[in-house]
Amino acid sequence: MPYGFLRLSTSSSYFARDKSNDTCFDNKGYNELDVYTCTAQQNMLKYIFGAAFLLSSCGGDGLSLAEAFATMSPSELSRFIASKESVDIANYRFGRNQNVVHAAINNKNSANAISLAFENGSDLDHLDNDRRTPLHHAIDANLLEATQTLLALGASTSIENEAGFSPTDFCELVLRSDPMHAACRTVLSP
């Protein structure tokens, strides 16, 4: 069999690459991951908070909104959004019921990506399947720029996750063992 399979333990999805022609696809038939062809050097799998993304730099048509918000530069992201005439960014969901703000916190230009998501109607306080907001994820990963941006745009620090921890609660706990945790210091600063 010419396929190289990677099965993810958090889902029944798998992603495959046909090594004979470098075709990349998944087993669920998602529109965002429709079959597209690219070179092996352009493919990588990125795992973000329970959702797997098959990322490719070979053409925007194969990218999902989540992938775009997680990886593109501000100018690329603006062009990508403009090219998608009927996309409902505010209601887009992926992975474990996450929205594009969840993906945007991972962008190396997270302030711009988060702001673009917010400007296009995405909820900063959207709860994923574990009742975690993008702020919960940003703090957990100690993403300072993302945390600062979310707070500046008005993300709540009081929404509890499935375990009963708000971002504030979580930061109080984290700072006991890691007093230099930058994201938590930001959340708890007056």
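The values are calculated or read from the model by the stated rules, or taken from the named source; none is laboratory data. The structure presented is a predicted model; accordingly, all values stated were derived computationally and were not measured. Neighbour counts run over all protein chains shown; Cβ positions are idealised from the backbone, glycine included.
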- line: the range 55-112: helices (runs of 4 or more DSSP H) wholly inside it with 2 or more residues that are within 17 Å of Thr133 (Cβ to Cβ) and modelled with pLDDT of 90 or more are 65-71, 100-104
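Conditions (1) without any contact (Cβ under 8 Å) to a residue 24 or more places away in the chain; (2) aliphatic (A, V, I, L, M); (3) over 21 Å from Thr71 (Cβ atoms); (4) surrounded by fewer than 21 Cβ atoms within 10 Å (Cβ to Cβ), marked per residue:
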| site | (1), (2), (3), (4) |
| --- | --- |
| Glu119 | yes, no, no, yes |
| Asp130 | no, no, yes, yes |
| Leu144 | no, yes, no, yes |
| Glu160 | no, no, yes, yes |
| Arg185 | yes, no, yes, yes |
| Leu188 | yes, yes, yes, yes |
message: From the list Phe170, Phe69, Phe94, Phe80, exactly one residue is in contact with a Gly (Cβ under 6 Å, 6 or more places away or on another chain) and not charged (D, E, K, R). Which is it?
response: Phe80
Residues (touching a residue at least 40 places away in the same chain (Cβ under 8 Å) and of a type in the set (Gly, Ala, Ser)) located in the range 69-113: Ala70, Gly95, Ala103, Ala104, Ala113
- request: Residue by residue through the range 142-190, note down the ones that are touching an Asp or Glu at 6+ places or on another chain (Cβ under 7 Å), more than 25 Å from Asn109 (Cβ to Cβ) and among the hydroxyl-bearing types (Ser, Thr, Tyr).
  value: Ser166
